[in-house]
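Here the structure comes first, spelled out in structure tokens, and everything after it is commentary.
The values are calculated or read from the model by the stated rules, or taken from the named source; none is laboratory data. Since the model is a prediction, treat every value here as computed from it, not as a measurement. Cβ sites come from the backbone with ideal geometry, for glycine too, and all protein chains shown count toward neighbours. All accessible areas refer to the heavy atoms of the entire protein, side chains included, with ligands and DNA or RNA removed. Shrake-Rupley method; radii C 1.70, N 1.55, O 1.52, S 1.80 Å.
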Amino acid sequence: MSEVVPVPALCILGATGSIGASTLDVAQRLGLPVYAVTAHRRVAELAACAVRAGARLAVIGDPALWPELRRALAGSGVAAAAGPQALCEAATAPEVGAVVAAIVGAAGLAPTIAAARAGKRLCIANKEPLVMAGPLVLAAARAGGAQIVPVDSEHSAIFQCLEGHRVEEVAELILTASGGPFRTVRDLSAVTVEQALVHPTWSMGPKITIDSATLMNKSLEVIEAQVLFGVPAERVRVLIHPQSIVHSMVAFRDGSVLAQLGLPDMRTPIQYALTWPRHRPGPVPAPDFARLGALTFEEPDRRRFPSLDLAYEAARRGGLAPAVLNAANEVAVAAFLAGRVRFLDIFAIVERALRELDDVAEPSLEDILAADAATRARYA
Ligand code: NDP
């Protein structure tokens with residue numbers, strides 16, 4: 001019996017990035033129509049991917065680049081728009097059924113909330129908005145009737161392991177981490193940008209690759225898990241698993257553990273977010289366990305990677321702490337990539353921003369945006 005699967009037109013926010021490219025590949029294989037694609041400044045890449053995907057609309061985040069985008073799309077039949085408001089309009093267009101949120105960083109917050117309020121299926125890779133304003137994203141999704149389906153491989157794994165279960169049954173969520181390029185490097189004081197940009201198992205954009213090297217990516221994911229699954233951060237455990245085959249696990253109260261496994265290829269969780277609740281044929285084969293050999297697990301080294309303790313502290317404090325942690329990390333990573341600070345300064349900048357934070361309980365969106373801007377201005 002053939003099954004009728006709904007085909008929602010997609011809006012891909014951050015289509016020119018690493019997740020964006022994998023999403024375009026998955027959409028093409030599944031035959032999903034793409035309504036809109038967006039980018040920040042890379043006009044030529046955006047125009048090319050809009051034409052390739054058969055999109056109706058392309059949006060460039062930087063408004064100054066609108067004329068250039070219009071020229072690049074002349075005669076293609078793809079409409080051009082620009083600016084932050086246009087990103088939100090693309091994510092809420094009536095033609096769009098599902099939004100893949102794949103902008104990097106806090107810049108994705110407004111279109112993510114807009115998509116949630118508009119009741120779209122929100123396939124979310126962009127973890128920073130969940131970290132900085134998780135309760136507000138969830139409230140927008142509740143108000144709009146949006147389904148949030150995680151794309152981050154760890155959260156996709158947990159989402160799958162939790163299907164059919166209640167959160168009260170959960171003893172612990174176990175997030176696995178590859179450990180990044182410096183898992184076995186004792187002295188991190190002199191590591192270079194080039195070394196930090198080489199990830200052992202995943203191929204990703206530059207910001208998340210640096211976050212993986214500092215374990216800040218896993219730290220943000222602890223907060224992301226608390227938000228998405230309603231399990232407090234102290235029951236979200238991080239384990240280093242260098243093979244990146246077990247994408248995460250759920251330990252239940254009766255001692256049984258469910259895990260989701262697969263090869264490290266983001267097309268698998270992206271496809272699942274788009275086809276949920278069904279697993280459909282895809283481009284990535286299952287792991288061949290006989291050839292894989294050992295799967296190993298170890299505790300993370302919290303002394304060398306203080307990002308984990310900083311994230312647990314921010315999760316426990318709540319309020320503006322997660323937003324400040326995120327903003328300080330974003331500016332610190334940008335400064336490291338630009339050669340302005342050293343690797344270990346990233347931890348010091350985030351630690352100082354949290355220490356100096358003047359907090360507000362249950363912050364509004366305005367409070368969060370103000371704290372984000374103030375942190376960027378102060379620690380950049
Ligand atoms: P990339 O850097 O590869 O791509 C980022 C995308 O966002 C690009 O399309 C970029 O446009 C766009 N963008 C950047 N800044 C802005 C802005 N200010 N306004 C609007 N658009 C903007 O990132 P990744 O694909 O690696 O990551 C995207 C998100 O997904 C991140 O939050 C990351 O943590 C998360 N994630 C990524 C994974 C991966 O495998 N890469 C895995 C799990 C989660 P332009 O090209 O014009 O700069």
- prompt: Does Gly179 satisfy being assigned to a loop (DSSP other than H, G, I, E, B) and either within 17 Å of the chain's Cα centre (by Cα) or in contact (Cβ under 8 Å) with a residue 60 or more places away in the chain (or both)?
  reply: yes
- request: Give the number of residues within the stretch 225-250 that are acidic (Asp, Glu) and not in a helix (DSSP H, G or I).
  value: 0
- request: Select from the stretch 164-192 the residues that are under 22 Å from Ala273 (Cα atoms), open to solvent by 40 Å² or more (accessible area, probe 1.4 Å) and either out of contact with any Gly (no Cβ under 8 Å at 6 or more places or on another chain) or among the hydroxyl-bearing types (Ser, Thr, Tyr) (or both) and list them in ascending order.
  value: Gly164, His165, Arg166
- prompt: Mind checking whether some residue in the stretch 141-163 is within 16 Å of the ligand (Cβ to nearest atom), within 29 Å of Ala334 (Cα to Cα) and surrounded by fewer than 20 Cβ atoms within 10 Å (Cβ to Cβ)?
  reply: no
- prompt: Given the structure, is Gly134 part of a loop (DSSP other than H, G, I, E, B), touching a residue at least 40 places away in the same chain (Cβ under 8 Å), farther than 19 Å from Ser18 by Cα and open to solvent by less than 10 Å² (accessible area, probe 1.4 Å)?
  reply: no
message: Among the residues in the stretch 224-235, are any aliphatic (A, V, I, L, M), modelled with pLDDT of 95 or more, away from the ligand (no atom under 14 Å from the Cβ) and open to solvent by 40 Å² or more (accessible area, probe 1.4 Å)?
response: no
task: Within the stretch 36-49, identify whether any single residue is more than 12 Å from the ligand (Cβ to nearest atom), surrounded by fewer than 20 Cβ atoms within 10 Å (Cβ to Cβ), more than 20 Å from Asn126 (Cα to Cα) and not charged (D, E, K, R), and answer yes or no.
output: no
Any chance Gln195 is within 16 Å of the ligand (Cβ to nearest atom), open to solvent by 20 Å² or more (accessible area, probe 1.4 Å) and outside any loop (DSSP other than H, G, I, E, B): no
query: Of these, Ala118, Ala114, Ala110, which one is surrounded by fewer than 24 Cβ atoms within 10 Å (Cβ to Cβ) and within 10 Å of the ligand (Cβ to nearest atom)?
result: Ala110
task: Give me a count of the residues in the stretch 22-33 that are under 24 Å from Ala74 (Cβ atoms) and either within 14 Å of the ligand (Cβ to nearest atom) or under 16 Å from the mean Cα position of the chain (by Cα) (or both).
output: 1
task: Within the stretch 281-304, identify whether any single residue is open to solvent by less than 60 Å² (accessible area, probe 1.4 Å), hydrophobic (A, V, I, L, M, F, W, C), within 20 Å of the chain's Cα centre (by Cα) and on the phi < 0 side of the Ramachandran plot, and answer yes or no.
output: no
- line: For the stretch 71-88 the number of residues that are surrounded by 18 or more Cβ atoms within 10 Å (Cβ to Cβ) and more than 9 Å from the ligand (Cβ to nearest atom) is 8
